[in-house]
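Below is one structure; the comments refer to it alone.
Values in this text are rule-based calculations from the coordinates and carry no lab data. Computed from a predicted structure; not experimentally measured. Quick reminder, even Gly has a Cβ in these numbers, built from the backbone with ideal geometry, and neighbours come from all protein chains shown.
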Amino acid sequence: MIAARPNWREQSYEDRNPVWMSRGTEVKTPKGLKLMWENPEIVLYDDDPNVRISYPDLCEDGSEIYLTETQKAQARVHRLSEPLVRALRAGADGFDARAIRAEAIQVSLSKGAKLPALPAFVSRAPILPYGTNNRRAGFAIEFTFAPLLPGWTGTLLESWHPANGGIVIECVQGDVIQARLSDGRSEWAWKSDAFKSTGGEHHVVINVDGGPCIITFFVDGVFSDGGEVRQFGWGRFSPYFRGLPANMAMEISAASLKTLRFYSQVLLAAEISALYREVLRPARRPETSPAAGVRRWRVGDPV
């Protein structure tokens, strides 16, 4: 995709922020062993998207995983949080969907539902000049829906006020999910990759991560990475986005939306895989603790 650009030589070193890591598993096939890669996790980022992070090295010390990286004359070591380590070592097997959903805000699909209170993304700094304090907050939305007809387009969820903002989630172009968000001061939107319509229900998770200020989509357990259509399936939003307003009325497409949950933090890709696997196979699994306190390291933070 980069090679097709007229100035590809100038751009070949760009976009090395954030750093993603994927868990690979060797699988036996008739043609020998094959590496199967799982959905990626964000492990390192810098607040400035133009900062290029060097290729990190991974070091294991017992149960802990460290990443080393450099930026010219600066060298750093980052210790991954326990949930991230578990995600990279065990994948979906390290998480129990029941424990994850126990932390969710279950929203009734009946008339009168309201947008729940979700974390504020920024606050006023306590010292002069009392500017913006990025709280590194985030949230996730999980829902299942069934298109009314093949190629159906329409609104799945809408909670919107012309002055206060809100959120609108739509099925557009027949096989793409779009989320439009506003805090009343700025408005932005992003789309998922096209998904394969099966005629049945689809499982969707949208992560809005206020750390690196990145929105990601997972449709039917697959991370939207852009595929062959676009370089980025994930998008960036303003670091000054304040978050969604609370307690506003929600209009829900009861005919197509089947379940709806909000989470007061972003979910790991491994957690999302566990949730999707539970949708496909609702058999009970051994319970493990949810990944509370997940931390994605901002470059420059102390270990």
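Round to the nearest 0.05 the FRET efficiency obtained for THR155 and TYR13 when R0 = 45 Å and r is the Cβ-Cβ distance. Provide the component values of the computation, followed by the final result.
Values: r = 41 Å, r/R0 = 0.91.
For R0 = 45 Å, the calculated efficiency reads 0.65.
For segment 104-263, take the alpha-carbon Rg, divide it by the Kirkwood Rh, and send me Rg/Rh.
Values: Rg = 16.0 Å, Rh = 16.3 Å.
In segment 104-263, Rg relative to Rh is 0.98.
Students often get this wrong, so try it: which of (i) 71; (ii) 61; (iii) 49 is percent of Cα pairs over 26 Å apart as calculated from the structure shown?
(iii)
Can you tell me what the convex hull of the Cα atoms of segment 10-123 projects to on average, as an area in nm²?
Working: hull surface 54.7 nm².
Average of the hull's projected areas for segment 10-123 equals 13.7 nm².
Considering only Cα-Cα distances, which of the following residue pairs are longer than 25 Å: LYS34/LYS72; LYS191/LYS258; LYS34/LYS191; LYS111/LYS258? Don't skip to the answer; put the middle values down first.
Details: LYS34/LYS72 36 Å; LYS191/LYS258 21 Å; LYS34/LYS191 31 Å; LYS111/LYS258 14 Å.
The pairs that break the limit, which is 25 Å between Cα atoms, are LYS34/LYS72; LYS34/LYS191.
For the chain, what is the charge dipole size about the Cα centre, in debye to the nearest 20, if Lys and Arg each add +1 at the Cβ and Asp and Glu each add -1 at the Cβ? Can you show the working numbers first?
Values: 36 positive and 35 negative charges, 42 e Å.
Computed charge dipole of the chain: roughly 200 debye.
How far apart, in nm, are the 7 Å Cα→Cβ label points at ALA254 and GLU82?
4.4 nm
Of the residues GLU278, GLU26, GLU82, which exhibits the maximal mean-square fluctuation in a Gaussian network model of the chain defined by a 10 Å Cα contact cut-off?
GLU26
Multiply the residue gap between GLU228 and ALA189 by 0.36 nm, knock off their C-alpha separation, and tell me the result in nm, one decimal place.
Details: separation 39, 0.36 × 39 = 14.04 nm, distance 2.08 nm.
Taking GLU228 through ALA189 to full extension adds about 12.0 nm, to one decimal.
Picking from CYS171, CYS213, CYS59, which is most flexible by a Gaussian network model of the chain using Cα springs under 10 Å?
Of the options given, CYS59 has the highest mean-square fluctuation.
Taking only Cα atoms and a 10 Å spring cutoff, compute GNM fluctuations for the chain and point out the largest among PRO245, PRO212, PRO56.
Highest fluctuation of the listed residues: PRO56.
So what's the back-of-envelope 222 nm ellipticity for the chain, counting only DSSP H runs of four-plus at -39500 (n - 2.57) apiece and dividing by all residues, rounded to 500?
Working: 4 runs with 30 residues, N = 303.
Computed ellipticity for the chain at 222 nm equals -2500 deg cm²/dmol.
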